[in-house]
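Engineer: Quick one: the structure is below, and I'll ask about it shortly.
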Amino acid sequence: MSPVRTPLSLRGCVGILLLCFLWLSQLSFSQEFQVPLKSEEIEAQDTVKQVAVIGAGAAGSSTAYYLRKYADYFSIPVNITVFEQSSYVGGRSTTVNLWDDPASPIEVGASIFVNINQNLIKAAKSFKLDLKDADSGVPREAVHGLGVWDGSKFVFLQRNGGFYWVNVFKLLWRYGWAPIRTQNLMKSTVNKFLKMYRWPYFPFRSLSAAAMSSGLVESTWATGAEFLRENGISEEFSREVIQASTRVNYGQNLPLIHGLETMVCMATDGAVSVEGGNWQIFRSMLDASRANVKLDTRVTTVQRNKDDTYTISHLADQKAMHKDVFEHVVVAGPVQFSNIQFSPAFEHIPDNVPYVKLHVTLFASPHKLSPKFFRLSPGASVPETILTTLPADLDLGARRDGVGPAGFWSISTLQKTMPPLSMRHNLTAGPHYVYKVFSPNPLDATTLSDLLDIEQIELFDNGGRNGMTAEASKTIADVSTAHISWWHEKTWNSYPYLYPRVTFEDVKLGKNMWYTSGMESFISTMETNSLAGMNVAALMLSEWASEFEIKMKSFESKVEL
């Protein structure tokens, strides 16, 4: 979004929870950092460390949060300043208000996180944020909760409700041992990844070295298609189920996306979100960090000084320019999107990584999705979550424009609700359905007309009030409120194209200059951005504290698993 992931893990669809019905064990963690200071810790420094963090998304907020935790534990005084050019905290994790009602927020970016996301789960619990199941608002009126559509037919359907073992039997009957092999492969991959949170892998000065030593490079140097094939997972299951997940989560097909991110898509156990918006985790992190957070503040230049400090020039509210000096700077977002002038140039220049441009469309309508659009019989029940894949006879390879005949990545029915009383006299009576669509392009009038099974002339008819016709407009903004009562569009640079690779961006770009977004091409989620921020925080402490390794091990031993 994202985004950040978060995205831009933007991993908002919960339909692929079908694999949650298999044998993924709970991997819950409740790590708290309430560790008392002790007299034998290093003495407080004479000078206060001055640290700037550029970006208040998952990575930047986590950097500030864990830097404060570690600095307090090691008794090192530090001042943290966080610069954020937007008016909100959370980066690609953000919400919009349905019908402009603050009581009805909807995630427009990174929507869910799962049990293995240690940092997010622990933080949400620590801050006493209310968690809800990711699919808690789904109406469950349809026969099928999930369908995978290839542009002409549904290749996979999963019923709402039903018995656990019946669902398992149906999967095995259709796909043989492929679901079990996928589950085992995902568990093995996740276990390798979890090493990166603990000594001796953490903190890692080189993400490339950490990927190699943990064994994860085995899955990053192959495409998802190659990785699955090498591990005995059938092409049919890969295309109909796993690729549907890589498309909704990352807008990429299996011949493009690398094997590690493919496995991330299948680790969906315990999908939850924060009531009111996941951004609250990052707001709470910043509050706990006691950082000086400067919103609506654009950093324009970062100048390295002769004493290896940095002068940051920043513009607040498009008004006066200010300058401040810091000892350490953390760039907590992709450099290529920062519009910041760095002088001199980095010692290690990050690659200009191509990002997916994702269009997110949220809208409310009194109409259900049309059976005709999905080539079902009249009156048939349409699945409430629709993922997409490619037809068996279509091979688009590693093309970026790989959406295929479906034309979109996913459509999710988020909830069924009544409009606010103040608006009902202007809208179609009765409940309205709230939908989220992920697509490579904006939804046009023809798609909306077909999706809701409404003639275009009716779609734009406001009872003669504006004289709109189908030919006069092609956008959702001009659709009659009788058919679409509310809408919101957002375009994200959501996540990188996750091509296979064995090396990743440096964590340190120069003297006292740190970078978190190398993680994006490795795994792009809210959680891994948080891990990147935590890692940078620990690396900074390693340069400040004596006997860091010994005391870091002691710190970890005091943390409850």
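Engineer: Take peptides 294-306, 312-324 and line them up by average Cβ neighbours within 10 Å, highest first, as a rough protection proxy.
Structural biologist: Values: 294-306: 15.9, 312-324: 13.0.
Those peptides, ordered most packed to least, come out 294-306, 312-324.
Engineer: Turning to a different aspect of this structure: If you take the square roots of the eigenvalues of the alpha-carbon gyration tensor of the range 503-561 and sort them as a ≥ b ≥ c, do you get rounded (a/c under 1.5), prolate (a/b over b/c) or oblate? Before the final figure, lay out the partial values.
Structural biologist: Numbers: a/c = 3.01, a/b = 1.36, b/c = 2.22.
Note, shape of the range 503-561 comes out oblate.
Engineer: Compare the peptides 365-374, 422-431, 85-94 by average per-residue count of other Cβ atoms within 10 angstrom and give them in order, highest first. Spell out each step's value before the answer.
Structural biologist: Details: 365-374: 17.9, 422-431: 12.1, 85-94: 23.3.
Peptide ranking by packing, descending: 85-94, 365-374, 422-431.
Engineer: Most exposed first by the Cβ proxy, i.e. fewest other Cβ within 10 Å, how do ILE340, ILE349 rank?
Structural biologist: ILE349, ILE340
Engineer: Sort the following peptides by mean Cβ neighbour count (other Cβ atoms within 10 Å, averaged over residues), highest first: 70-81, 126-137, 517-528. Let's see the in-between values first.
Structural biologist: Numbers: 70-81: 20.1, 126-137: 15.2, 517-528: 27.2.
The peptides rank, most packed first, as 517-528, 70-81, 126-137.
Engineer: Among LEU362, PRO442, GLY404, which residue has its Cα furthest toward the positive end of the charge dipole of the range 323-461, with +1 on Lys/Arg Cβ and -1 on Asp/Glu Cβ?
Structural biologist: It is LEU362, whose Cα lies furthest towards the positive end.
Engineer: Compute the separation of the alpha-carbon centres of the range 224-273 and the range 125-171 and state it in Å as a whole number.
Structural biologist: Each part's Cα centre sits 17 Å from the other's.
Engineer: Quick one: Cα centre-to-centre distance for the range 304-319 and the range 479-500, in angstrom?
Structural biologist: Spelled out, the Cα-based centre of one part sits 35 Å from the other.
Engineer: Compute the Cα gyration tensor for the range 318-449, then decide on rounded, prolate or oblate, letting a ≥ b ≥ c be the square roots of its eigenvalues: rounded whenever a/c is under 1.5, prolate when a/b is larger than b/c in the other cases, and oblate in all that remain. Walk me through the intermediate numbers first.
Structural biologist: Numbers: a/c = 3.84, a/b = 1.63, b/c = 2.36.
Note, shape of the range 318-449 comes out oblate.
Engineer: Same structure again: Shape verdict for the range 148-249, please, from the Cα gyration tensor: rounded (a/c under 1.5), prolate (a/b greater than b/c) or oblate.
Structural biologist: Details: a/c = 2.51, a/b = 2.03, b/c = 1.24.
Here the range 148-249 falls in the prolate category.
Engineer: Order these by the 10 Å Cβ neighbour count, fewest first: ARG290, ARG239. Could you put the intermediate results ahead of the total?
Structural biologist: Details: ARG290 14, ARG239 22.
So the residues, fewest neighbours to most, are ARG290, ARG239.
Engineer: Continuing with the same structure: Students often get this wrong, so check it: of LYS69/LYS125; LYS368/LYS416; LYS122/LYS357; LYS49/LYS558, which have C-alpha atoms separated by over 19 Å?
Structural biologist: LYS122/LYS357; LYS49/LYS558
Engineer: Using Cβ counts within 10 Å as a stand-in for footprinting exposure, how do TYR310, TYR164, TYR433, TYR495 rank, fewest first? Write out the running numbers ahead of the final one.
Structural biologist: Values: TYR310 24, TYR164 9, TYR433 20, TYR495 33.
Listing TYR310, TYR164, TYR433, TYR495 from fewest to most nearby Cβ atoms yields TYR164, TYR433, TYR310, TYR495.
Engineer: Using the Karplus equation 6.51 cos²θ - 1.76 cosθ + 1.60 (θ = phi - 60°), what ³J(HN,Hα) coupling, rounded to whole Hz, does each residue of the range 280-293 give in order, writing x for Gly and Pro?
Structural biologist: 5, 4, 6, 5, 5, 4, 5, 4, 5, 6, 6, 7, 8, 9
Engineer: OK, next. Want the number for ILE550 to ARG174: 0.36 nm per residue separation, take away the alpha-carbon distance, what's left? Walk me through the intermediate numbers first.
Structural biologist: Working: separation 376, 0.36 × 376 = 135.36 nm, distance 5.29 nm.
Extra length from ILE550 to ARG174 when fully extended: 130.1 nm.
Laboratory data are not the source of any read-out in this text; all were calculated from the coordinates shown. Here the structure is a predicted model, which means the values were calculated and not measured. A quick note on method: Cβ atoms are made from the backbone with ideal geometry, for glycine too, and the neighbour counts reach across all protein chains shown.
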